[in-house]
There are 2 protein chains.
Amino acid sequence: MRIDTIETRAPTAPVSSTEDDVLRQIEQAVLDHRLPPGTKLKEVQLAEVFGVKRGTIRKVLTRLANSRLVVQLPNRGASVASPSVEEGRDLFAARRAIESAIIEILVRRNDPALMGQLRTLLENEQKAYQLGDHKLALPLSVDFHRQLAKLAGNSVLEEFLNDIIRRTPLVILSHLGSDSENACRNHEHEGIVDAIAAGDFNKASLIMNEHLLHIENQISDKTEEHQSDLAALLLSN
Amino acid sequence: MRIDTIETRAPTAPVSSTEDDVLRQIEQAVLDHRLPPGTKLKEVQLAEVFGVKRGTIRKVLTRLANSRLVVQLPNRGASVASPSVEEGRDLFAARRAIESAIIEILVRRNDPALMGQLRTLLENEQKAYQLGDHKLALPLSVDFHRQLAKLAGNSVLEEFLNDIIRRTPLVILSHLGSDSENACRNHEHEGIVDAIAAGDFNKASLIMNEHLLHIENQISDKTEEHQSDLAALLLSN
DNA sequence: TGATATATTATTGTTAACAATATTTAACTC
DNA sequence: GAGTTAAATATTGTTAACAATAATATATCA
């Protein structure tokens, strides 16, 4: 994998970008697996690609390392992280705990204005689904979870959830090779909102947990397939 | 507050320190309120105090900003953070959710070897309390929570809890002026371990929540005192 | 004096050159 | 050819000088 493939424009005219731009672009390249796990991220190369100084790249790489998308080793630079299956499990387990806490807050809040906002989110999602627009539906379904966190009004939980959401695609990627349809099922989102509106924390939390487990199981199922493939290979020797 | 007071040795012979050393020392100075919230952290000054290059200080300051102990503003440098009461509330609420999740894992695990390790932690704590050694007891009581997270084996939850624990003293400091006895009550720790051993998640979680709420209330009680003091002042005008 | 503009200084931000380290290549031995 | 050492190269890490910005002090004028 050559790193210059992450620039979609002609590389002869490097676009001068700010630090945040570079960050977003590299992050996107990682999540689109144009930069697969393990890829070495060389500073001068990246600096040339984005038309920035090496110092900028350096800062971006440490920021990416903070969010675990990149691993930095002393004197050996940075590469795209290859999170373990354990990390994936931990990430999902933590996510269930955090989203449960968020729902608890929302139920206790019992704010009608808030419920209106949630309904709007659902409608936008549904429209995208009905149009069959998957490119649009995926980000919207992720956004549903983010907005739930924001509306709960706990900045710490919100940060934590965003951290998890940022890391999740790479974990999936590392063990499946592609970020296949892990979009949320819209009717479950609707069920969650209904339960919150009804003030039923247990139900809302239950649906959310099933919802998240569903996504997680899609992944671990395929991981097991991978493992059995490997077992078959070993036995055929 | 002069920054050079954070070096306990004679400042004439600056001790050469590694980046992590500097980080720890500044962090400790913040948590000991030798550097109170709002204190400007000037790069050259800090570099001289610790006998390191400005670049080192720069990296340390961004790391501290990542853990919210320090705030960085473009072209205006870094200062010790002054977290809001809301942030304090959010931090405690998030902590309850996370420690509950940790307990759930531990209960489900039901590992006798693990329970032995928890008992050892309790004993060490109890010894320190019986000796009346508060200087020792406080870190041990914090460590109990950290170890619980570690033993649960979820690296994400462990990181999140450590993040919260790191930020908590500054929040308390910012609204009380001193990190007064917020040590945990040891018998509650014992109750938590007992309930985990008995496989009673609800009970363990309940005690933990009460335990954390107790610490939180100590703080908000005093904050309200502050507020009423202010109200009295305003009325006396 | 008090307010505003200007110069001075202090502080943060950036960069290009250098140093240190790791990686690759080539040369050599067996 | 496999393995080992040594040179050459590539890559990361550090630094000191410079640039840009903000904060402070001084001067000017009503």
Point to revise | Cα-only Debye scattering, segment B:64-208: base-10 log of I(q)/I(0) at q = 0.10, 0.11, 0.12 Å⁻¹ | key: -0.39, -0.47, -0.55
Review point. In square angstrom, rounded to the nearest 10, how much accessible surface does A:SER155 have for a 1.4 Å probe?
Key: 40
Review point. Computed FRET efficiency, Cβ-Cβ of A:ARG34 and B:SER84, R0 56 Å: what is it to the nearest 0.05?
Key: 0.90
Review point. Which value, in nm² and rounded to one decimal, describes the direction-averaged projected area of the C-alpha convex hull of segment B:84-153?
Key: 5.6
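Which order do B:ILE207, B:ILE164 take by accessible area at a 1.4 Å probe, largest first? Intermediate values should be presented prior to the final figure.
Working: B:ILE207 35, B:ILE164 0 Å².
Ranked list, largest accessible area first: B:ILE207, B:ILE164.
Would you tell me the mean number of C-beta atoms belonging to other protein chains that fall within 10 Å of each C-beta in A:154-163, as a whole number?
Working: counts 8, 7, 17, 7, 2, 5, 9, 0, 0, 4.
Average neighbour count from other chains, rounded to a whole number: 6.
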Check your understanding: Hey, which of these cross-link pairs are over 28 Å Cα-Cα: A:LYS203/B:LYS150; A:LYS150/A:LYS203; A:LYS135/B:LYS150?
Key -> A:LYS203/B:LYS150; A:LYS135/B:LYS150
Review point. Other chains' Cβ within 10 Å of A:81-94 residues: what's the mean?
Key: 3
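Please say if segment B:116-193 is rounded, prolate or oblate, where rounded means a/c under 1.5 for a ≥ b ≥ c the square roots of the C-alpha gyration tensor eigenvalues, and otherwise the choice is prolate for a/b larger than b/c and oblate otherwise?
Details: a/c = 2.49, a/b = 1.08, b/c = 2.31.
In terms of gyration-tensor shape, oblate.
Shielding by partners for A:51-63, please: the mean number of other protein chain Cβ atoms within 10 Å of each residue's Cβ. Spell out each step's value before the answer.
Numbers: counts 0, 0, 0, 0, 0, 0, 0, 0, 2, 0, 0, 4, 2.
Going residue by residue through A:51-63 and averaging, the value is 1.
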Study note, to complete from the structure: Here, A:THR62 and A:ASP21, labelled 7 Å along Cα→Cβ, have an inter-label distance in nm of 2.3
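The values are calculated or read from the model by the stated rules, or taken from the named source; none is laboratory data. Please read these numbers as outputs of a predicted model, since none were measured by experiment. Here Cβ is always computed from backbone atoms with ideal geometry, including for glycine, and neighbour counts include all displayed protein chains. Just the protein is used for accessible areas: all its heavy atoms, side chains included, with ligands, DNA and RNA removed. Shrake-Rupley method; radii C 1.70, N 1.55, O 1.52, S 1.80 Å.
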